[in-house]
Amino acid sequence: MIENAIRAALRDVHDFPKPGIVFKDITPILKDPVLCARINEALFSEARKLDVDVVAGIESRGFLFGPALAQSLAVPFVPIRKSGKLPYTTVEQSYDLEYGSATIECHADAFEPGQKVLIHDDLLATGGTVVAASQLVAKLQAVVAGYSFVIALDFLNGRDKLKPYADEIHALISF
Ligand code: AMP
């Protein structure tokens, strides 16, 4: 089962990036091309049911599997980046962190009005980043059709924050 293979490959790094956090390190997964291919296939087999027009991946680990997912679906890939990285005209969205705030942005022509967008990241934690990404989609009058993650930390209740935007929230494994 792919769930077991992902669990076995993931590395828990304690107290990174700060004390009390158990960081789910996916770099051991990236060293296993067979497992990466299985993850691509599993993400695709869920996403293909949604009939999306575009995949939006969130910097930076949303760029690892997101472009392959878009290619499998034969739709465009849009990078959502931290503030100041994108060269063309952007729209931006700020959101609260535990301490302070952060800003993400995408190009002003990233989505067409009415397009159905699948938002992808490696991991759903509190959901703050993906909610901000959803607000970017809405700012450009596109629609969030669903969410795709490799991992969801369900004990942080991120899914509850995403439900107002879309019911389709898929993760290959949950903790
Ligand atoms: P969120 O709290 O959902 O806004 O998480 C923001 C980003 O931080 C996500 O893109 C995750 O990739 C990353 N992240 C948060 N918590 C963890 C964790 N425990 N392990 C690995 N990545 C994490």
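The values are calculated or read from the model by the stated rules, or taken from the named source; none is laboratory data. Only a predicted model underlies this, so the values are computations on that prediction, with no experimental measurement involved. Positions of Cβ are backbone-derived with ideal geometry, glycine not excepted, and every protein chain shown enters the neighbour counts. To get the accessible areas, we keep the full protein, side chains included, count just its heavy atoms, and leave off ligands, DNA and RNA. Shrake-Rupley method; radii C 1.70, N 1.55, O 1.52, S 1.80 Å.
For the chain, the solvent-accessible area works out to 51 Å² per residue, with a probe of 1.4 Å and every protein chain left in place.
For TYR88 and THR27 in the same chain, what is the full-extension length gain: residue separation times 0.36 nm, less their Cα-Cα distance, in nm?
Values: separation 61, 0.36 × 61 = 21.96 nm, distance 3.07 nm.
Stretched fully, the TYR88-THR27 segment lengthens by 18.9 nm.
With all protein chains present, how much of the accessible area of the stretch 51-174 (probe radius 1.4 Å) comes from carbon and sulfur, to the nearest whole percent? That fraction is 49 percent. From the residues PRO19, CYS106, VAL52, which one has its Cα farthest along the dipole of the stretch 1-113 in the positive direction, the dipole being from +1 and -1 charges on Cβ of Lys/Arg and Asp/Glu about the Cα centre? Among PRO19, CYS106, VAL52, the one farthest towards the positive end of the dipole of the stretch 1-113 is PRO19.
Simple spin-label estimate for GLU98 and LEU156 gives 0.9 nm between the two label positions (7 Å along the Cα-to-Cβ direction from each Cα). Quote the FRET efficiency, to the nearest 0.05, computed for GLN71 versus ASP51 with a Förster distance R0 of 22 Å and r equal to the Cβ-Cβ distance. The calculated FRET efficiency here is 0.85. Within the stretch 62-157, the GluC sites (Glu not before Pro) that combine a DSSP coil assignment with at most 16 other C-beta atoms in a 10 angstrom radius are GLU98. Once C-alpha pairs closer than 8 Å and six or more residues apart are averaged by separation and normalised to the residue number of the stretch 1-91, the relative contact order reads 19 percent.
Ordering of 39-46, 21-28, 84-91 by packing is 39-46, 21-28, 84-91, highest average first (other Cβ atoms within 10 Å, averaged per residue). For the stretch 57-175, the direction-averaged projected area of the alpha-carbon convex hull comes to 7.1 nm². Computed over the chain, relative contact order equals 18 percent, with contacts defined as Cα pairs under 8 Å that lie 6+ residues apart. For the stretch 51-174, the Cβ-based charge dipole about the Cα centre amounts to some 140 debye (Lys, Arg positive; Asp, Glu negative; other atoms uncharged).
Once the Cβ-Cβ distance of GLU41 and VAL13 is raised to the sixth power relative to R0 = 22 Å, the FRET efficiency obtained is 0.20.
So, counting K/R as plus one and D/E as minus one, what does the shell of residues with Cβ under 15 Å around PRO19 add up to? After counting each charged neighbour, the total is -2. Where the centre of each part is set by its Cα atoms, how far does the stretch 9-32 sit from the stretch 48-124, in angstrom? Each part's Cα centre sits 23 Å from the other's.
Only helices enter the 222 nm calculation for the chain: every DSSP H run of n ≥ 4 contributes -39,500 (n - 2.57), and dividing by all residues gives -9000 deg cm²/dmol, rounded to 500.
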